[in-house]
Amino acid sequence: MRRPIVAANWKMNKTVPEAAEFAARLKGLLGPSSKAEVVVAPPFTALSAVKEILEGSAVGLAGQNLWHEPKGAYTGEVSAAMLKDAGCVYAILGHSERRKYFQEDDALVNKKVKAALGSGLNVILCVGETLRERELGETHNVVRRQLEKGLEGLGAGDAGRLVVAYEPVWAIGTGKNATPEQAQEVHRFVRERAGELLGREAAEALRIQYGGSVTPENSSALLSQPDIDGALVGGASLVAESFYAIINSIN
Ligand code: PEP
């Protein structure tokens with residue numbers, strides 16, 4: 001039995017007062033416990049304010065990115081230990097926007113995954129194909145490569161601290177979500193590949209989120225698929241009530 005996990009990726013949105021207002025609203029809506037694990041990934045500047053407000057709630061904190069070196073002359077970057085210190089439980093790594101706008105490749109993502117796990121963070125590893133790759137019939141090859149390279153050097157012992165987010169790039173921020181059947185098909189594939197990489201038992205326990213234009217309207221159809229264990233939500237996570245409605249479509 002896999003506990004669903006629903007995560008809010010705010011990207012480069014919300015000032016500290018806006019983030020604090022959201023956190024207070026969500027805390028009020030959710031109460032002290034939730035069937036699904038709930039995670040919020042604010043921008044770095046708002047981590048501390050959000051952490052303070054969410055104290056005693058069922059909501060965990062995530063960093064949207066990190067740099068894999070432990071410290072040093074990396075202007076503008078934040079380490080895994082710094083995220084942990086700021087109260088994060090998860091790091092979102094390999095997001096398609098990091099891959100596209102910041103040229104992050106699988107080898108770099110792998111270094112970040114190892115740095116996160118080494119610092120005691122759990123990882124949400126994002127994978128997914130572009131529209132062109134899907135049209136060329138390359139979806140499985142792309143996702144397989146991202147998984148194999150992103151998880152290189154990891155074993156069954158790491159699997160419990162890993163979540164995979166399948167996020168078709170053509171569905172992110174476009175309002176065009178994958179159908180439940182399309183998503184389920186790739187999620188099944190991810191679980192099979194994870195079985196070869198991490199062992200069958202670990203793969204059965206692995207939580208695989210869907211991400212890409214998830215809304216309160218489409219979430220229950222997506223999240224009721226057998227291999228979809230939650231959602232990574234961008235746009236619809238910016239308003240506490242709509243994020244809560246997505247969480248509630250599981251509860
Ligand atoms: C995301 O950024 O991970 C995402 C899925 O965004 P959206 O929900 O806006 O498509």
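The values are calculated or read from the model by the stated rules, or taken from the named source; none is laboratory data. Because the structure is predicted, anything quoted here is derived from the model rather than measured. We place every Cβ from the backbone using ideal geometry, glycine too, and count neighbours over all the protein chains shown. For accessibility, only protein heavy atoms count, side chains too; no ligands or nucleic acids. Shrake-Rupley method; radii C 1.70, N 1.55, O 1.52, S 1.80 Å.
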List the number of the failed condition for E196; all other conditions in (1) within 16 Å of the ligand (Cβ to nearest atom); (2) assigned to a helix (DSSP H, G or I) hold. (1)
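For L151, state whether it is closer than 27 Å to G87 by Cβ, buried (at least 20 other Cβ atoms within 10 Å of the Cβ) and more than 16 Å from the ligand (Cβ to nearest atom). Reasoning before the result, please.
On the way: closer than 27 Å to G87 by Cβ: yes; buried (at least 20 other Cβ atoms within 10 Å of the Cβ): yes; more than 16 Å from the ligand (Cβ to nearest atom): yes.
Yes.
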Exactly one of these conditions fails for S213: (1) open to solvent by less than 60 Å² (accessible area, probe 1.4 Å); (2) assigned to a loop (DSSP other than H, G, I, E, B); (3) within 11 Å of the ligand (Cβ to nearest atom); (4) farther than 25 Å from D105 by Cα. Give me its number. (4)
Taking the stretch 115-132 and keeping only residues that are more than 16 Å from the ligand (Cβ to nearest atom) and surrounded by 18 or more Cβ atoms within 10 Å (Cβ to Cβ), one is left with A115, A116, L117, S119, L121, N122
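For the stretch 171-229, name all the residues that are among the basic types (K, R) and touching a Ser or Thr at 6+ places or on another chain (Cβ under 9 Å).
Within the stretch 171-229, just K176 meets the criteria.
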Of all residues making up the stretch 216-238, the number that are within 12 Å of the ligand (Cβ to nearest atom), hydrophobic (A, V, I, L, M, F, W, C) and open to solvent by 30 Å² or more (accessible area, probe 1.4 Å): 1
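Does V169 satisfy the condition of being over 18 Å from R99 (Cα atoms) and touching a residue at least 24 places away in the same chain (Cβ under 8 Å)? Before you say what the answer is, go through the steps one by one.
Working: over 18 Å from R99 (Cα atoms): no; touching a residue at least 24 places away in the same chain (Cβ under 8 Å): yes.
No.
Can we say K14 is in a helix (DSSP H, G or I), in contact with a Leu (Cβ under 8 Å, 6 or more places away or on another chain), at pLDDT 95 or above and surrounded by 17 or more Cβ atoms within 10 Å (Cβ to Cβ)?
Working: in a helix (DSSP H, G or I): no; in contact with a Leu (Cβ under 8 Å, 6 or more places away or on another chain): yes; at pLDDT 95 or above: yes; surrounded by 17 or more Cβ atoms within 10 Å (Cβ to Cβ): yes.
No: the conditions fail for K14.
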